[in-house]
Amino acid sequence: MENYYQPKIETMPREELQKLQSERLAAQIKHVYENVPYYRAKMDEKGVTPDDIKGIEDLHKLPFLSKDDLREAYPYGLLAAPLKDCVRIHSTSGTTGKRVVAFYTQHDIDLWEDCCARAVVAAGGTSDDVCQVCYGYGLFTGGMGLHGGSHKVGCLTLPMSSGNTARQLQFMEDLQSTILCCTPSYAAYLAESAIETGVRDRLKLKAGIFGAEAWTEEMRHDIEEKLGLKAFDIYGLTELSGPGVAFECSEQGGMHINEDHFIAEIINPVTGEVLPYGEKGELVFTSITKEAFPMIRYRTRDICVLNAEKCSCGRTHIRMSKPMGRSDDMLIIRGVNVFPSQIETVLLNKGMSANYQIIVDRVNNSDTLDINVEMTPDLFSDSIAEISKIEKDLVNSLKAMLGIMAKVHLVEPKSITRSEGKAVRVIDNRKLY
Amino acid sequence: MFVKQISVFLENKAGKLAEFTKVLADNNIDLQALLIAETQDYGILRIIVDNPDEATEIIKKSGFAYKVTEALAITVPDEPGSLTKILASLADEGISIKYSYAFYSREHGKANIVLRVDDNEKASEILEKLNS
């Protein structure tokens, strides 16, 4: 028997749901037009007024919003509520150049936590459960999002944050955690550690809610088998709130989008044309209930397919497939968003060669990031101590920029393969999609 | 006396050294001394050749990352204690040695020592005094 956190909304007949979306969309567009000069300018430029947007059928008339817009409007340019009504921010990983700061009113936090609570209940969570949250707490949305959802459901919540595997396993055993929330790669790592240390048979896990990075069905089966739980996928992005934009039900056949809060579209990433359900394209979201930081037709750059078929779990909200790739060059490494341009910025700032190669792989279920950089005659000195200093400085600067560790390897001048004169910048050996 | 030592950046991979020495061989450059300092990813190859200026041109043209440094080269009797005597007098004056390597001299009974020190001028003065 399927459980719902908000049964009325989650199983609402589609016609009624679409009517609700239309009302909320019209009100949201009016709200941003009146309160956000940035949106007003974009709409004026396209010749669209709030009166033109009566319902979801008019959505396509609105201009898209991109990550570039977010950067341009940073930090307050897209704020739609008075700052005094905002109670929190979260931010994407990354740099000054790529950072996004999202604002939340208390209402926004409540609705976000509702979305996460739906995911926890769909994974079988009740007030009898012990929910161990090992997503990072802080600016990253993973920790506090699932934390809030777990609270709302009434689970005993363990705010572990990420890392310290020995402690994670100890709490998992001593407090008999039943639900595990973390990135799939960390779940795989925990599984291996649990088996190695022999605590595996003393664990009581029944469900895992895993997201923030791409993972395959093979990885799902591997984690499920090793930890003896059922693994549920969850999707979200800071721009829209965080995890819980979409979540998997017991059918494990795609993630239900919380359509009462987010309207999803699939577009051709090149032309911007809206594609019918079932076709593969870039996922675009409009947040229709956010007060502080509403996204109107925000291009996620995630490539996926939407499925409007009725789900046997009883939920009426459409499902999205796992992201199948990106329409930009962003890499997700250990759950952290990494743009090759960030790495290039660091290298050039440090006087390194513009000839570099980024190699991403997954070893023992954990992502690795290696950067090959060509040595230049200018940087080369006769001293290993000095070259090591350059390497260490690079590693530290990359860590500061990306938030994760990269291994730097100095290679000979002109040794990086060039195709048609241009170096192949990124080699991703993970085969995630 | 000073010699021109050429240092070259080489990746720590099979065949890299052969690839480099072939460049010298093809241009008829004779190696007199060779030393490799290695790390996990790369090595610094240090060489002394018969014609450093020509060798430098060739290395540059072949696209290697390299540096030419003046290193102190001394000839000592090939017998126990002769190196210690020199090193002790440099140490007494606070000269620090970054690295050193030795090779046989063509002159019978002598050995050549290359010393890379933190102060070439001062070291050279000390050694001249020692010889006089």
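The values are calculated or read from the model by the stated rules, or taken from the named source; none is laboratory data. As the structure is a computational prediction, the values presented were derived from the model and not from experiment. Cβ coordinates were reconstructed from backbone atoms using ideal geometry, including for glycine residues, and neighbour counts include every protein chain displayed.
So here's what we get for this one:
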item	result
Positions within segment B:87-106 being at pLDDT 90 or above, of a type in the set (A, V, I, L, M) and in contact with a strand residue (DSSP E or B) (Cβ under 9 Å, 6 or more places away or on another chain), in sequence order	B:LEU87, B:LEU90, B:ALA91, B:ILE95, B:ILE97
Selection status of A:GLY253, surrounded by fewer than 17 Cβ atoms within 10 Å (Cβ to Cβ), on the phi < 0 side of the Ramachandran plot and small (Gly, Ala, Ser)	yes
Condition check for A:ALA191: within 17 Å of the chain's Cα centre (by Cα), among the aliphatic types (A, V, I, L, M) and on the phi < 0 side of the Ramachandran plot	no
Residues located in segment A:283-304, provided they are hydrophobic (A, V, I, L, M, F, W, C) and either assigned to a loop (DSSP other than H, G, I, E, B) or surrounded by 19 or more Cβ atoms within 10 Å (Cβ to Cβ) (or both)	A:LEU283, A:VAL284, A:PHE285, A:ILE288, A:ALA292, A:PHE293, A:MET295, A:ILE296, A:CYS304
Output for segment A:270-288, where each listed residue is touching a residue at least 12 places away in the same chain (Cβ under 8 Å) and within 25 Å of A:VAL32 (Cβ to Cβ)	A:GLY272, A:VAL274, A:GLY281, A:GLU282, A:LEU283, A:VAL284, A:PHE285, A:THR286, A:SER287, A:ILE288
Residue match in segment A:332-355 (condition: among the polar types (S, T, N, Q), modelled with pLDDT of 90 or more and either in contact with an Asp or Glu (Cβ under 7 Å, 6 or more places away or on another chain) or not assigned by TED's automatic domain parsing to the domain that holds A:TYR277 (or both))	no
Condition met for A:PRO413 (in contact (Cβ under 8 Å) with a residue 12 or more places away in the chain, away from every other protein chain (no Cβ under 14 Å) and not hydrophobic (A, V, I, L, M, F, W, C))	no
Test for A:ASP58: is it outside any loop (DSSP other than H, G, I, E, B), surrounded by fewer than 19 Cβ atoms within 10 Å (Cβ to Cβ) and under 24 Å from the mean Cα position of the chain (by Cα)	no
Single unsatisfied condition, A:VAL48 versus (1) within 30 Å of A:TYR76 (Cα to Cα); (2) in contact (Cβ under 8 Å) with a residue 60 or more places away in the chain; (3) not in a helix (DSSP H, G or I)	(2)
Segment A:208-237: number of residues that are among the hydroxyl-bearing types (Ser, Thr, Tyr) and buried (at least 23 other Cβ atoms within 10 Å of the Cβ)	1
Some residue of segment A:370-384 being touching a residue at least 12 places away in the same chain (Cβ under 8 Å) and more than 11 Å from chain B (Cβ to nearest Cβ)	yes
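Residues are listed down the side, and each one gets a yes or a no for (1) at positive phi; (2) of a type in the set (Lys, Arg); (3) within 31 Å of the chain's Cα centre (by Cα):
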| site | (1), (2), (3) |
| --- | --- |
| A:SER366 | no, no, yes |
| A:ASN372 | no, no, yes |
| A:SER383 | no, no, no |
| A:LYS389 | no, yes, no |
| A:MET401 | no, no, yes |
| A:LEU410 | no, no, no |
